[in-house]
């Protein structure tokens, strides 16, 4: 057998192996697409105009925060330390929070998780927001009905003095609006 024939056989074998791998990847992509299509529909948290339930929590700095301590126009963000979209949105939230008129008093960040995964979030968020670390079933997360991450909400008091969600789609690409 000549060298050219051996090279041709190796190239053919490599092509067949590549085809088999690609078919496997396509099959897995179809499985993932089906799983994603079955994901629960609906909002990631309580919606616009809904009242926030009562909660009490302690920040990483030892400060107590509650529904009553949130200022009108506050922004409340929920991140999971292990979520890739959360890691992508974190710098945008930090930049947005820097533009809030009342500074970190007007921003609350809740980070879900434990261990070393939290360190980067807490370090980045600490200068611009009050930071609470909790589990998904803990008070702040439950009060806002958060089911998926990341979530960024703007809150304000309604005519009856209840803290409600003013916006469940905060545009982090623009500076925070100045209070009227």
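The values are calculated or read from the model by the stated rules, or taken from the named source; none is laboratory data. Because the structure is a prediction, the values reported are computed rather than measured. Positions of Cβ are backbone-derived with ideal geometry, glycine not excepted, and every protein chain shown enters the neighbour counts.
The table below lists the values:
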quantity	calculated
Test for residue 161: is it touching a residue at least 12 places away in the same chain (Cβ under 8 Å), in a loop (DSSP other than H, G, I, E, B) and at positive phi	no
Index of the failed condition, residue 58 passing every other in (1) closer than 22 Å to residue 168 by Cα; (2) in contact with a strand residue (DSSP E or B) (Cβ under 6 Å, 6 or more places away or on another chain)	(1)
Selection from the range 69-100 of residues that are under 19 Å from residue 163 (Cα atoms) and touching a residue at least 60 places away in the same chain (Cβ under 8 Å)	70, 72, 73, 74, 75, 76, 77, 78, 100
Odd one out for residue 124, checked against (1) in contact with a helix residue (DSSP H, G or I) (Cβ under 6 Å, 6 or more places away or on another chain); (2) touching a residue at least 40 places away in the same chain (Cβ under 8 Å); (3) more than 15 Å from residue 58 (Cα to Cα)	(2)
So residue 158, is it touching a strand residue (DSSP E or B) at 6+ places or on another chain (Cβ under 7 Å) and over 17 Å from residue 58 (Cβ atoms)	yes
Filter result (touching a helix residue (DSSP H, G or I) at 6+ places or on another chain (Cβ under 7 Å) and within 19 Å of residue 113 (Cα to Cα)) within the range 70-88	77, 78, 79, 80, 81, 82
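Yes or no, residue by residue, for (1) touching a helix residue (DSSP H, G or I) at 6+ places or on another chain (Cβ under 7 Å); (2) at pLDDT 90 or above; (3) closer than 17 Å to residue 155 by Cβ:
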| position | (1), (2), (3) |
| --- | --- |
| 23 | no, yes, no |
| 30 | no, no, no |
| 37 | no, no, no |
| 43 | no, no, yes |
| 64 | no, yes, no |
| 68 | no, yes, yes |
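Let's see how each residue does on (1) within 14 Å of residue 44 (Cα to Cα); (2) buried (at least 19 other Cβ atoms within 10 Å of the Cβ):
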| residue | (1), (2) |
| --- | --- |
| 120 | no, no |
| 130 | no, yes |
| 138 | no, no |
| 145 | yes, no |
| 155 | no, yes |
| 158 | no, no |
| 163 | no, yes |
